[in-house]
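Participant: Quick one: the structure is below, and I'll ask about it shortly.
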Amino acid sequence: METDTLGLIAGALTTAAFIPQVVKIWKSRHTQDISLGMFAIFSIGVFLWLLYGIQLGALPVILSNGITLVLSLTILVFKLRYK
């Protein structure tokens, strides 16, 4: 399997893992069990991975971390909004 293909599949799966959480929070408006600190730190880390991917020109890293960052920040916004 080509390296980029492997990266795209891995990125798609790890990114898609956040979608059920975003949908659940959106529907329930309940974020009590979500850690604000964990998602803040995670979002910073994902942002740094995105910058790393951009510097390398690595499309799988850029795409997966770009989308994951959007999902993670969405969860953070929900956490702050539905306190």
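Participant: Quick one: with all protein chains in place, what share of the accessible area of the chain is carbon or sulfur, to the nearest percent (1.4 Å probe)?
Facilitator: That share works out to 71 percent.
Participant: Then there is this: If r is the Cβ-Cβ distance from residue 56 to residue 16 and R0 is 25 Å, what FRET efficiency results, to the nearest 0.05?
Facilitator: 0.65
Participant: Give or take rounding to whole Å, what are the principal axis extents of the alpha carbon atoms in the chain, in descending order?
Facilitator: So the extents along the principal axes, rounded to whole Å, are 43, 22, 14.
Participant: I've got another one for you. Can you tell me the accessible area per residue over the chain, all protein chains present, probe 1.4 angstrom, in square angstrom?
Facilitator: 68
Participant: So, one more: For the chain, what does the helix formula give at 222 nm: sum of -39500 (n - 2.57) over DSSP H segments with n ≥ 4, over the residue count, nearest 500 deg cm²/dmol?
Facilitator: -27500 deg cm²/dmol
Participant: Lys and Arg at +1, Asp and Glu at -1: add these up for the other residues within a Cβ distance under 12 Å of residue 60 and post the number.
Facilitator: Here the count lands on -2.
Participant: Would you be so kind as to identify all helices of the chain, as entire DSSP H runs, whose Cα atoms reach 15 Å or more along the helix's own axis and whose mean Kyte-Doolittle hydropathy is at least -1.0?
Facilitator: 3-16, 36-56, 59-81
Participant: Something else now. In nm, what is the difference between 0.36 nm times the number of residues separating residue 6 and residue 35 and their Cα-Cα distance?
Facilitator: 7.4 nm
The values are calculated or read from the model by the stated rules, or taken from the named source; none is laboratory data. Predicted model, so just to flag it, every value in this text is computed and none were measured. Note that we place each Cβ from the backbone using ideal geometry, even for glycine, and neighbour counts take in every protein chain shown. Side chains included, ligands, DNA and RNA excluded: accessible areas come from the protein's heavy atoms. Shrake-Rupley method; radii C 1.70, N 1.55, O 1.52, S 1.80 Å.
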